[in-house]
Amino acid sequence: MKYPLLYSAFSSIFLAVAACGGSGSVASAEKGDGHNHGAKEDVTEVEVTEAQLKTVGIELGKVQYKELGDVIHANGTLSVNPQDEADVAPLSAGIIKRITVKEGQSVRAGQPVAYQENAEVLLIQQDYLTALDEAKLAQQEYDRQQALASQGAGVKKNLQQATAALGIAEAKKDALRSRLVQLGIKAESVSPTSLYSQVPVTAPISGVVAKINVRTGSYTDMSSPLMTIVNNSGVFANLQVYEKDLSHVKVGQHVELRLTNNPSVALDGKVSEITHAIDPVTKTLNARVAIDAADKDALIPGMGVTALISTGESSVMAIPDEAIAGINGKNYIFALEDVHEEEGGKAYHFELVPVITGARELGFTQITPETELPDSATVVVGNAFYLASIAADHGEHNH
């Protein structure tokens, strides 16, 4: 008996769902009087109700073609380019009064992500207003000296001094204006009756807030990043390839990736770059893989990945591991023959297709059907153990 524990574990489920639409039925390859008294029969068909299908979570899909066997295994991590990851830091020291974003939130370059209170900001604004007055007075003195000189009544030295003073005043005003712009304050909005006590801290790049390091009331300065922003649009996989496999890895080869913490997530990519420096400890080189995915927000730099680098052109028929069932020493998959209406709902009729298994990679197994199986056939791709328990039970307990 292939699955004694499996049958025991799911017999209670089978009895429970039987009430939803009747128990599953089977057919044998040999027709008899129904009293075989312990002899094992090769079951060829299984039928379950729609209620049973949904309750147990049997999944349907298609057989796929994958490059298995002729591949190189590699491990690595997800990474981004340095320009796609940024620390957000204030331009001066102060107290964080407000944080306007959350971790995981998308932001655009220049968007305020926090507000900082700083007494120095008030002084800069006051200095700027003073510089405006000084520049205005310097301009007036320069104009006066110019007028005198044009009438021949001025002193050349006084005009030179006025010119120098105006240049110094304008430079001071422009420097303070630039400082206010850096702090996120519009210089033209500053007046003696309108001074800003808080300044925004803005995002240097567009992306997703990966981590926030502060909270409201925290003291921060230029060396204390408030948060990290990552632009995942350029995320790639950095794989470690062993020296012995290097001759088989080429730019442009197809790569299938799986997240280490969530193997159900499959990603496709291509080798885009191979470094020429060998790590003296691990004896590996880095192969960069460009990931082909429309939505990369869920991919976080630092996540571990396992990969299969395809080194050949051939592809084989493959199916998820959990779609293959062992019954009476043979491997089978379940092909949907038809769906028909019965009293109480639909019934799903499956044919057991014997298969020979081959290479197994990243949750998929190569199969060779022993009977004809069209590419368009609908097959069970998940939770096939339930159908296997029905078939095994019939084959071993029919009498």
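The values are calculated or read from the model by the stated rules, or taken from the named source; none is laboratory data. Because the structure is predicted, anything quoted here is derived from the model rather than measured. Ideal geometry is used to build each Cβ from the backbone, glycine not excepted, and the neighbour counts take in all protein chains shown. When the accessible area is computed, the model is the full protein with side chains, heavy atoms only, and any ligands, DNA or RNA have been set aside. Shrake-Rupley method; radii C 1.70, N 1.55, O 1.52, S 1.80 Å.
Brief remarks on what is shown
- Potential extension, residue 298-residue 282 segment - 0.36 nm per residue separation minus Cα distance: 2.8 nm
- Shown here are the Rg and Dmax of the Cα trace of segment 71-170, at 26.7, 93 Å.
- GNM on the chain, alpha-carbon springs under 10 angstrom: the most fluctuating residue among 140, 182, 198 is 140.
- Length-normalised contact order for segment 99-203 - Cα pairs under 8 Å, 6+ apart - percent: 47
- Taking 0.36 nm per residue of sequence separation and removing the Cα-Cα distance, the residue 65/residue 205 pair yields an extension gain of 46.3 nm.
- Average Cα contact separation per residue, segment 192-308, under 8 Å, 6 or more apart, as relative contact order %: 26
- Choice from 194, 206, 233 with maximal GNM fluctuation in the chain (Cα, 10 Å cutoff): 194
- Top of 70, 87, 338 by mean-square fluctuation, Gaussian network on the chain, Cα under 10 Å: 338
- Annotation: lysines with alpha-carbon distance below 25 angstrom to residue 211 (same-chain offsets under eight excluded): 97, 102, 296.
- With all protein chains kept in place, the per residue accessible area of the chain amounts to 54 square angstrom at a probe of 1.4 angstrom.
- Point-to-point label distance, residue 119-residue 261, nm (Cα→Cβ direction, 7 Å offset): 4.3
- Carbon + sulfur, % of accessible area of the chain - ligands and nucleic acids excluded, 1.4 Å: 51
- Loop-located trypsin sites (Lys or Arg not before Pro) in segment 194-294 (DSSP state not H, G, I, E or B) with no more than 16 neighbouring Cβ atoms inside 10 Å: 215, 250, 283.
- For Rg and Dmax of the Cα atoms in Å, computed directly from the structure shown, the correct entry in (1) 30.2, 100; (2) 36.4, 134; (3) 23.5, 78 is (2).
- Cβ-Cβ FRET estimate between residue 83 and residue 103, R0 fixed at 25 Å, reported to 0.05: 0.70
- Zone of residue 368's modelled label, taken as backbone nitrogen in segment 301-340 under 12 Å from a point 7 Å along Cα→Cβ: 317
- The chain, relative contact order in percent, only Cα pairs under 8 angstrom and at least six apart counted: 28
- In plain terms, the chain is cut at each of the GluC sites (Glu not before Pro) found in a DSSP loop with at most 10 other Cβ atoms within 10 Å, and the longest leftover piece is 31-312.
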